[in-house]
Each structure stands twice: as C-alpha cells, then as structure tokens.
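Worksheet: one structure, shown below.
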Protein chains: 2
Amino acid sequence: MSSCDTCVVRNRAICSGLNDGEIGALNTLGRRRNVVAGEPLIWEDDDSLLVANVIEGVLKLTTSTEDGREQIVGVAYPSDFIGRPFGQTSSASVVALTDARVCVFSRNDFDRFAREHPGLEHKLLERTLAELDRTRSWMMLLGRKNASEKIATFLLEMSERLAESGCAPVLGPAKRFTLPFSRQQVADVLGLTIETVSRQFTKLKNDGVVELPTRRDVEIVDRPALVAMAG
Amino acid sequence: MSSCDTCVVRNRAICSGLNDGEIGALNTLGRRRNVVAGEPLIWEDDDSLLVANVIEGVLKLTTSTEDGREQIVGVAYPSDFIGRPFGQTSSASVVALTDARVCVFSRNDFDRFAREHPGLEHKLLERTLAELDRTRSWMMLLGRKNASEKIATFLLEMSERLAESGCAPVLGPAKRFTLPFSRQQVADVLGLTIETVSRQFTKLKNDGVVELPTRRDVEIVDRPALVAMAG
DNA sequence: CGGGTGCTTGACAGCTCTCAACTAGAGTGG
DNA sequence: CCACTCTAGTTGAGAGCTGTCAAGCACCCG
C-alpha cells in the first residue's frame, strides 16, 4: 500500500497523470516531509537537490539582493510543484509560511523518472505554463500598479487561492480567510514597505471595504469596491 | 526538402529534439510568416489560436490594464517559443519590435503534435522553466529596485541577450549593441515612465558609463560600474 | 526647408519610503 | 491571574524619488 493512495492531492498534483503502477514506482523515490512554519526547504542559488509536491500548507518562493532586499516571486499551495527540475541551480528560496507537508524527491531521481513518463512531464508542463501566466500578471502589478491597487488585487487573489485549497467543491472566492502572510511578507509580495501595507489595510478598514478581526484574518465586506480598486 | 532543413534556429529551438522524420511531419503543420516591426501576432485575452517559434527578430509580450497602462512581461528572441499551448486564452499580447520572421502553428495542431512527441514537450518544458526563472528574477527588479538599478540591470541583460542571438560563437556579452526598444518600451519593461528612463540614460552618459551614439545604439564603456549599479 | 515623431529637459507635485515613536497582542514567569 | 517582555503592527512627520505636465530639442522624412 503506497502512501500515495491516501494522498489528498493525488488527483490534483502532477501525479494525477499516472496510473497505479507508475504511482507505485514514483512512491519509492519520494518521501513525506513535514516543514514547520518559517523553515526553509530550498536555498536560492543552491545546487537544486530536491523537488517536491505540496500536500498541505503554504510556502513562499523568494529571491533576494545581496543587500537583503527580498521579493516573494511565488506562493505554493497544496498540489503545487516546487523546485527546479532539469537545471543546475534553483533561482528562488523556498520557505514554509505555515506548517506544511510536502512529498520530496531528489532532483536526479525525479528528472530520470519524468523523462521516462511523458504523462508526468505533460502535467508538469501545463502547471509550469499556468504558473508563468500567473507570474506575468503579477509583473503587471509590480510594474504598473500603485499601492491601493496592489493591496486590492492581492486580497482578491488571496480570497480565490485560499478557497481552492479546501476539499469542498469550489463555491467561488472566500469571503473570509486567514492570510498565510505577515505584514512584512505581504510587503515582500507586492514590492512595498510594511508601513505602506499597514496604512492601506487601515484605509480599507476605515472605508468599510474589509474587516480585520485579527492581524491575519480578513473579511471582504464590499467585494465590488475591491474589484474596482484593483484596476 | 522541408524548409526546416535550412532553418537557422533548427538546432536551438524546441525542434532540436526531433529527428528528420518528425521534423518533416511538424513542417507540414507550420508555415513561415514575416511580421513587420510594430505588427501584432497575438492579442491578449484572445482565443489563443496560434503558437510560434521565433526565427529572426525580436518581439515583445505585454499585458495591459483597462486604462491603458502597459507592462512588457517578456521579450522573445530567435529560437524562443511564443504563445500559450494547452490553454484557452493567451495572457499576453505579442507584438514585433523589429521586423521578424516566425514559424507559426495553429494551437490545436501544435498541441496534438506535442502530445504525440514527448521529446518536443520536454524541450518546451525546459524552455518554459528557464523563462519562468528569468521572469521571477525580473519580478525582483520590478518590485525592489530603484530606477538606476533597473536601467543598469536592463543594459547588462540586453548586452547578453543580444550577443546570444548572433551566429558567431558566443564571445561573452556585447560591448556595443542596438536596442530593439524605444524609450517608451524600455519604460514598459522596467515599470518606469519615459522621462525617468531618459534622465537615467543621460546620467549614465554624463558619468561616462555608457555612450549613446544614436537613440538606439548603446556602447558600454564602464561595465564594472554598471554591474555595481545593478544591485 | 518644414513637419512630425521621438526624445530630452525642467519645474513641480505627490506617492511611497525612511526613520522614529507608540500600541497591541502573544507568550512567559512569578 | 497579573505584570513583564518581546515581537508585530500601527501611526506620524518629513524627505526623496519618481511621476506628471509642459516646453523645447533633435532627428528622420518628405
């Protein structure tokens, strides 16, 4: 009995293209690993030794300048694939934002297996193309949107991404959700400072667009306003 | 005799994974097309009807907001692949910056052919992963760098990308090159305004870091200074 | 030579960053 | 249970960078 049989992302992750025999073979290469919030999984510019599927939790992908500025370049949710197959080094660090569970493979093992299983490579390709689309739309945000547009866009994306990861059938975007980000991390996603993020959150609250019951919880009160602000 | 036989990017584009028979089959699906500078090839949010390989020239990938702000999210050089296979719509418009020659396929034809030829999909996967890496490092630039860092990074990247596309063995980055971008387009790449770009160029010239013999030509005089500025 | 486009330069405003002080909340130990 | 500490977040004042608006310049083309 392989652990993949009970995997909650079995039908959503790139593994979904594999039959039972293939899953069994892949299972012998991978292993489960728990990562606590704040713990790194992959280092930027490291020899990229491992790749992984996210089973549970949220992780951030970041790049940094030498002088310590950080930019979050991606966020991985359950069923997402992380790491850099077919390349020598990773271009981003991966750090858990929440306690997370991942299914890790050595890069070499994964590369070899993938080359022998076109169905897996195809799933990975579709996922990578979708991620590239998302990343490009984020470039628009970083390059051309002002602070309030960035915050509005961010909250709308969060309400969608966090709704998807639930097991229940998708009922549209979540009205209320818990951010997996600190204020600083929100700033690192949006290319802003923590103070600007804080001020924008306060403004949205004062304007009655959102409620912020705790530091991490968000309730969208006036979604149309948020959509209008997102630009 | 297929036109692929004489294709200058035959050994660099995703086609390089195919044998002669496969190339012949692919050749029957595609056709050459010339695009003049300024002419669009793919519209954003359009039903993505075609994909293509760039043979010659440079094209921009852009996304826009409703109110007309534009962000260049990618640049395609010879041997690069453009378009969005395995998806309904394209997330970016593609417009030629210079006169260009491309090898176009209907998306459906290409999708079908790719699924039957894992070697091609693998090449496309490697290319997409590399493009994602590049895009992510550009996010760092957009989110966290100031105007002079952006300009310096841009010029260094240009000197590398434009050197690669030549036929001669790569001799390292070009010292002198012709920008395929207008000032406005440079601004659209970097998330700046045309005025800020112009001022930064003037400053680099006055500081003796670059020379600007014409509007489009750049000669890097003091590369170390540029590297130091890039952050 | 004149017109047009693209680029440069200047003056100024405004947004976001920086620096600093303060507050709220979570965790700890008495 | 409460005081204490520590961190995360908020708020304020001011500066600086980049954007905006406007004018002028330079190059390309007929």
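The values are calculated or read from the model by the stated rules, or taken from the named source; none is laboratory data. What you are looking at is a predicted structure, and each value in this text was computed from that prediction instead of being measured. Counting neighbours? That spans all protein chains shown, and the Cβs are built from the backbone with ideal geometry, glycine included. Areas reflect the complete protein model, heavy atoms only, side chains present, ligands, DNA and RNA absent. Shrake-Rupley method; radii C 1.70, N 1.55, O 1.52, S 1.80 Å.
Starting from the 7 Å offset along Cα-to-Cβ, what nm value, one decimal, do you get for the label separation of B:Ala37 and A:Arg223?
Between B:Ala37 and A:Arg223, the label points sit 4.7 nm apart.
Sticking with the crude label model, points 7 Å out along Cα→Cβ, report the distance from B:Arg115 to A:Thr193 in nm, one decimal please.
5.3
List the distances, in nm and shortest first, from the label point of B:Thr98 to the matching label points in every other copy, placing each point 7 Å from Cα along the Cα-to-Cβ direction.
In ascending order, 4.9 nm.
When the accessible area of the protein assembly as shown is split by element with a 1.4 Å probe, what percent falls to carbon and sulfur? It would help to have the intermediate numbers written out before the result.
Numbers: 10090 of 20450 Å².
So the carbon and sulfur contribution to the accessible surface is 49 percent.
Any idea what the relative contact order of the stretch B:3-139 is, in percent, if you count C-alpha pairs under 8 Å spaced at least 6 apart?
Details: 258 pairs, mean separation 44.3, N = 137.
Relative contact order comes out at 32 percent.
All other residues with a Cβ under 12 Å from the Cβ of B:Ala187 taken together, and with Lys, Arg as +1 and Asp, Glu as -1, what is their net charge? Don't skip to the answer; put the middle values down first.
Values: positive: A:Arg144, B:Arg69, B:Lys150, B:Arg183, B:Arg199; negative: B:Glu70, B:Asp188, B:Glu195.
Net charge in that neighbourhood comes out at +2.
So how exposed is A:Glu39, as accessible area in Å² (1.4 Å probe, rounded to 10)?
Its accessible surface works out to 60 Å², give or take rounding.
Sort A:Leu124, B:Leu49 from largest to smallest accessible area, using a 1.4 Å probe on the heavy atoms of the protein chains.
Reading off the accessible areas and sorting them downward yields B:Leu49, A:Leu124.
At q = 0.14 Å⁻¹, what is the base-10 log of I(q)/I(0) for the stretch B:127-231 according to the Debye formula with one equal point scatterer per Cα and no solvent? Please give it to two decimals.
Each listed q corresponds, in turn, to -0.54.
Keeping all protein chains in place and using 1.4 angstrom, which order do B:Arg115, B:Arg161 fall into by accessible surface area, from largest down?
These residues rank, largest area first, as B:Arg115, B:Arg161.
Could you pull the Rg and Dmax for chain B, using just the Cα atoms, both in Å?
Calculated on Cα positions, Rg and Dmax stand at 18.5, 57 Å.
Measuring nothing but label to label, 7 Å from Cα along Cα→Cβ, what are A:Thr6's distances to the other copies in nm, shortest first?
List, nearest first: 6.4 nm.
What would the Debye equation give as log₁₀ I(q)/I(0) for the protein assembly as shown at q = 0.07, 0.09, 0.10, 0.11 Å⁻¹, counting only Cα atoms as equal point scatterers?
-0.38, -0.64, -0.80, -0.97
When only alpha-carbon atoms count, how far does the stretch B:3-139 stretch along each of its three principal axes, as whole angstroms with the largest first?
49, 27, 27
At a Förster radius of 56 Å, what calculated FRET efficiency corresponds to the Cβ-Cβ distance of A:Ala25 and B:Arg12, to the nearest 0.05?
0.95
Any lysines with Cα under 24 Å of the A:Lys205 Cα? List them, leaving off those in the same chain fewer than 8 positions away.
A:Lys145, A:Lys150, A:Lys175
Could you work out how far apart the two model spin labels at A:Asp47 and B:Ser137 are, taking each label as a point 7 Å from the Cα in the direction of the beta carbon, and quote it in nm?
Spacing of the two 7 Å Cα→Cβ label points: 2.1 nm.
With a bin width of 10 angstrom, please list the P(r) values of the stretch B:34-114 as percents of all Cα-Cα pairs, from the 0 bin to the one holding the largest distance.
Bins of 10 Å from zero give 21, 52, 25, 2 percent of pairs.
Which sequence of A:Phe105, B:Phe86 reflects their accessible areas, 1.4 Å probe, from the largest down?
B:Phe86, A:Phe105
Taking Cα centroids, how far is the stretch B:2-35 from the stretch B:123-145 in Å?
If you average the Cα positions of each part, the centres end up 26 Å apart.
Please compute the average number of Cβ atoms from other chains found within 10 Å of each residue's Cβ in peptide A:119-131.
Across the residues of A:119-131, the mean count of other-chain Cβ atoms within 10 Å is 5.
List the lysines whose Cα lies under 20 Å from the Cα of B:Lys123, skipping any in the same chain that are fewer than 8 positions away.
Here the lysines satisfying the reach criterion relative to B:Lys123 are A:Lys123.
Quick one: among B:Gly87, B:Gly17, B:Gly172, which has the greatest mean-square fluctuation in a GNM of chain B with alpha-carbon springs under 10 angstrom?
B:Gly172
Below 8 Å between Cα atoms, with a sequence gap of 6+, how large is the relative contact order for chain B in percent?
The value is 19 percent.
So the label point sits 7 Å from Cα along the Cα-to-Cβ vector; using that for B:Leu49, what distances do you get to the other copies, in nanometres, sorted shortest first?
When each copy's label point is compared with this one, the spacings are 5.2 nm.
Below 8 Å between Cα atoms, with a sequence gap of 6+, how large is the relative contact order for the stretch B:145-230 in percent?
37
For the stretch B:79-129, what percent of Cα pairs sit more than 16 Å apart?
When every Cα pair of the stretch B:79-129 is considered, 48 percent fall beyond 16 Å.
For chain B, which DSSP H helices look membrane-span-like by this rule: Cα extent along the axis of 15 Å or more and mean Kyte-Doolittle of at least -0.5?
Correct list, ordered by number: B:118-144, B:147-164.
To make sure I understand the rule: partners must be aspartates and glutamates, Cα under 15 Å from the Cα of B:Lys203, and not fewer than 8 residues away in the same chain. Which ones qualify?
B:Glu149, B:Glu195, B:Glu211, B:Glu219, B:Asp222
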